[in-house]
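J.: Below is one structure. I have some questions about it.
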DNA sequence: GTCGAATTACTCGGATATATAATGTCCGAGTCGGGCAGG
DNA sequence: CCTGCCCGACTCGGACATTATATATCCGAGTAATTCGAC
């Protein structure tokens with residue numbers, strides 16, 4: 001059996017953004033600290049954070065006290081933004097137009113111009129997915145977390161001060 | 001940039017099912033003919049069709065006049081069935097529970113039992129996707145095609161008789 | 001004591017390896033159809 | 001001529017390569033803080 005899987009980077013990115021919000025440092029937070037917070041490979045996390053910078057979700061600062069900061073508040077960052085930043089803007093279903101191959105190649109050119117109906121249906125489904133992702137901000141998710149763990153920000157700040 | 005992509009097999013599978021319906025043979029259609037219809041690698045297509053058999057979308061017949069037939073009419077086959085058969089039933093977003101690692105491990109066990117809010121949001125979005133896929137049958141798609149190319153079945157039957 | 005420049009340690013960024021999954025190929029087991037012999 | 005058995009060719013099915021992608025790592029370029037010296 002095969003498996004359509006999303007990159008781990010999406011999960012890492014979302015949690016990192018939430019953590020950056022909770023820490024609420026005035027200064028950049030370096031990759032090493034974020035990696036330590038989730039016990040993941042620092043250099044690989046760095047790569048994902050670079051993608052978030054390119055998507056204007058984070059801003060990076062070089063130098064001795066450098067690191068990453070949120071480029072805008074969490075209520076301006078949607079899950080769609082995160083997914084698009086890490087996975088790219090392409091659709092999951094890629095149409096290779098096999099309908100045009102073989103005997104299909106002899107159908108009138110006027111008709112071949114019309115979109116593939118299989119692809120159209122797939123696109124509609126993916127659109128629903130993207131709609132839901134775009135409708136959810138990281139602020140929404142953070143709010144749900146705080147509802148269950150009110151002291152999450154305080155806990156994370158205390159931990160950050162100790163490392 | 002990375003890329004979350006769905007297997008090509010999904011596209012092949014959908015088009016093969018449509019073709020099987022249009023051909024409307026009383027007998028099984030072998031892999032070779034289906035592969036010729038779309039100019040794809042026969043052995044690899046065979047692999048995808050096997051998955052459809054395991055999912056009870058097609059039935060296979062061995063032997064000299066063997067091949068594949070639809071296990072049920074197109075209005076009983078949804079895009080969700082196709083995707084699940086080829087890609088597997090797992091969610092695209094896989095939660096690795098990184099919230100429990102690092103400082104998160106010291107939070108009360110009672111809270112860690114609750115689901116990850118990032119994952120919950122992702123699941124909701126995927127559910128919308130699955131809903132749309134499950135709401136679309138291959139009969140719907142086939143109907144849309146016939147609307148633009150009324151003679152599609154006749155064309156395919158004529159081609160099939162000639163190969 | 002204050003200012004400024006060189007130094008140094010730290011961080012991001014991209015180039016480079018490795019692991020894993022998707023893609024593609026090949027060969028064996030099974031089976032149906034036809035041919036052949038016998039009645 | 002009809003019937004039943006045997007043979008052979010064709011097809012699926014899964015095991016086996018190959019290629020592409022995701023994962024992981026490493027090192028260089030650049031920067032900001034710090035230190036050291038001069039005024």
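Values in this text are rule-based calculations from the coordinates and carry no lab data. Small disclaimer: the values here were computed from a predicted structure and weren't measured. Positions of Cβ are backbone-derived with ideal geometry, glycine not excepted, and every protein chain shown enters the neighbour counts.
J.: With axes computed from alpha carbons, what is the tilt in degrees of helix A:117-135 against the longest principal axis of chain A, rounded to the nearest 10 within 0 to 90?
T.: The angle comes out near 20 degrees.
J.: Considering every pair of different Cα atoms, what Kirkwood radius, in Å, is found for region A:8-162?
T.: With all distinct Cα pairs of region A:8-162 included, I get 17.9 Å.
J.: So, one more: With a bin width of 20 angstrom, please list the P(r) values of the protein assembly as shown as percents of all Cα-Cα pairs, from the 0 bin to the one holding the largest distance.
T.: Going from the shortest bin to the longest, the percentages are 29, 43, 24, 4.
J.: How tilted is helix B:42-54 with respect to the longest principal axis of chain B? Cα atoms for both, answer in degrees (0 to 90, nearest 10).
T.: Roughly 70 degrees, rounded to the nearest 10.
J.: Of B:89, B:42, B:108, which has the largest mean-square fluctuation in a 10 Å C-alpha GNM of chain B?
T.: Among B:89, B:42, B:108, the largest GNM mean-square fluctuation belongs to B:108.
J.: What's the average, rounded to a whole number, of partner chain beta-carbon atoms within 10 Å of each residue's beta-carbon in A:62-74?
T.: Counting other chains' Cβ atoms within 10 Å and averaging over A:62-74 gives 0.
J.: Continuing with this model, one more query. Could you state the principal axis extents of the C-alpha atoms in region A:107-163, from the largest down, to the nearest angstrom?
T.: 70, 25, 12
J.: Another question about this same structure. Over chain A, what relative contact order in percent results from Cα pairs under 8 Å that are six or more residues apart?
T.: 29
J.: In nm, give the distance between the simple-model label positions of residue B:54 and residue B:27, each being 7 Å from the Cα along the Cα-to-Cβ direction.
T.: If labels sit at residue B:54 and residue B:27, their model points lie 2.9 nm apart.
J.: Using a 7 Å offset from Cα along the direction of the beta-carbon, what are the separations from residue A:158 to the same position in each other copy, nm, ascending?
T.: 7.9
J.: Something else: Label-to-label distances across copies for residue A:143, with labels 7 Å out along Cα→Cβ, in nm, shortest first?
T.: 4.0
J.: Right, something else. For chain B, what does -39500 (n - 2.57) per DSSP helix run (n ≥ 4), summed and divided by total residues, give at 222 nm, in deg cm²/dmol to the nearest 500?
T.: -17000 deg cm²/dmol
J.: While we're here: Can you tell me the FRET efficiency between residue B:163 and residue A:110 if r is taken as the Cβ-Cβ distance and R0 is 22 Å, rounded to the nearest 0.05?
T.: According to the calculation, E is roughly 0.30.
J.: Nearest 10 degrees is fine. How inclined is helix A:152-161 to the longest principal axis of chain A, computing both from alpha carbons?
T.: The answer is roughly 60 degrees.
J.: Sort A:111, B:152, B:57 so that the residue with the fewest other Cβ atoms within 10 Å of its own Cβ comes first and the one with the most comes last.
T.: If I rank by nearby Cβ atoms, fewest first, I get A:111, B:152, B:57.
J.: Whole angstrom only: what separates the Cα centroid of region A:25-72 from the Cα centroid of region A:98-163?
T.: Answer, in whole Å: 24.
J.: Starting from a label point 7 Å past Cα on the Cβ side, list the distances from residue B:61 to the same position in the other copies, nm, shortest first.
T.: 7.3
J.: Most mobile of A:120, A:107, A:78 per a Gaussian network model of chain A (Cα springs, under 10 Å)?
T.: A:107
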